[in-house]
Amino acid sequence: KNEVEQSPQNLTAQEGEFITINCSYSVGISALHWLQQHPGGGIVSLFMLSSGKKKHGRLIATINIQEKHSSLHITASHPRDSAVYICAVSSYNNNDMRFGAGTRLTVKP
Amino acid sequence: ETGVTQSPTHLIKTRGQQVTLRCSSQSGHNTVSWYQQALGQGPQFIFQYYREEENGRGNFPPRFSGLQFPNYSSELNVNALELDDSAPYLCASSIDPLVTQYFGPGTRLTVL
């Protein structure tokens with residue numbers, strides 16, 4: 001069993017829909033990261049959080065430390081949001097990151 | 001644009017050869033991590049360097065080695081290349097291990 005599990009693996013949505021991607025982890029962490037990778041592109045860090053909630057534009061990330069669970073929400077989704085979204089966790093000593101397998105999001109116009 | 005660059009973009013080697021991949025971090029970023037992104041999987045942590053010393057290592061054999069230089073550049077060296085080493089390799093840098101990492105665009109290595 002992977003230490004970081006994401007769901008769903010693939011997600012197709014219509015433009016304007018509200019999207020939720022989930023991440024569960026089984027190890028102790030110091031922080032959780034949400035990353036975005038466009039096809040053929042590099043990885044961009046969206047959020048780094050250790051508690052509560054963060055918001056940036058149409059993106060919202062939440063984390064529940066007790067339940068070892070995080071969600072990434074996208075409001076009013078747009079085709080340009082189509083990408084792979086990756087959840088990753090930092091270990092307590094911050095010297096490595098463990099990654100989920102990613103969620104491939106496709107937003108259709 | 002993260003300010004982190006990697007070279008080369010693509011590289012083809014043959015089995016048994018050695019390869020050096022390079023990463024140039026943002027000025028002031030004392031931490032660099034290297035990852036291998038296997039097909040269909042999330043990146044796998046290779047190792048991290050902090051202030052030019054190895055600060056952590058993932059489950060990769062010793063033929064994967066690295067260096068970090070005072071000018072915020074770093075190298076990933078792989079000896080005795082195997083076919084399974086074919087993958088994109090990513091570097092990510094940050095001011096220190098506790099804050100957000102910025103990823104480079106990756107180097108796609110193909111071993112024939």
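The values are calculated or read from the model by the stated rules, or taken from the named source; none is laboratory data. Quick caveat: nothing in here was measured; it's all calculated off a predicted structure. Heads up, the Cβs are rebuilt from the backbone with ideal geometry, glycines too, and the neighbour counts pull from every protein chain shown.
Some values worked out for this structure:
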| read-out | value |
| --- | --- |
| Failed criterion for B:GLN6 (all others in (1) free of Cβ contacts under 8 Å to residues at least 40 places away in the same chain; (2) under 11 Å from the mean Cα position of the chain (by Cα); (3) over 24 Å from A:GLU5 (Cα atoms); (4) within 13 Å of chain A (Cβ to nearest Cβ) hold) | (1) |
| Lone unmet requirement of (1) within 14 Å of chain A (Cβ to nearest Cβ); (2) in contact with a Phe, Trp or Tyr (Cβ under 9 Å, 6 or more places away or on another chain); (3) assigned to a loop (DSSP other than H, G, I, E, B) for B:TRP34 | (3) |
| Residue in the stretch A:81-108 that is nearest to the other protein chains (Cβ to nearest Cβ), counting only those that are over 14 Å from the mean Cα position of the chain (by Cα) and at pLDDT 95 or above | A:THR106 |
| Subset of the stretch B:69-85 [crowded, with 17+ Cβ neighbours inside 10 Å and modelled with pLDDT of 95 or more] | B:SER74, B:GLU75, B:LEU76, B:VAL78, B:LEU81, B:ASP85 |
| Candidates B:GLY56, B:GLY40, filtered to the one that is facing chain A (nearest Cβ under 8 Å), modelled with pLDDT under 90 and part of a strand (DSSP E or B) | B:GLY56 |
| Residues that are within 13 Å of the chain's Cα centre (by Cα) and either within 13 Å of B:THR31 (Cβ to Cβ) or of a type outside the set (Ser, Thr, Tyr) (or both), drawn from the stretch B:81-100 | B:ASP85, B:ALA87, B:PRO88, B:LEU90, B:CYS91, B:ALA92, B:SER93 |
| Residue in the stretch A:46-60 that is under 20 Å from B:ALA38 (Cβ atoms), among the aliphatic types (A, V, I, L, M) and surrounded by 13 or more Cβ atoms within 10 Å (Cβ to Cβ) present | no |
| Looking only at the stretch A:1-19, and only at residues there that are β-branched (Val, Ile, Thr) and surrounded by 14 or more Cβ atoms within 10 Å (Cβ to Cβ), the one that is nearest to A:ALA101 (Cα to Cα) | A:VAL4 |
| Boolean, A:SER26 is of a type outside the set (A, V, I, L, M, F, W, C), more than 10 Å from chain B (Cβ to nearest Cβ) and farther than 12 Å from B:THR100 by Cβ | yes |
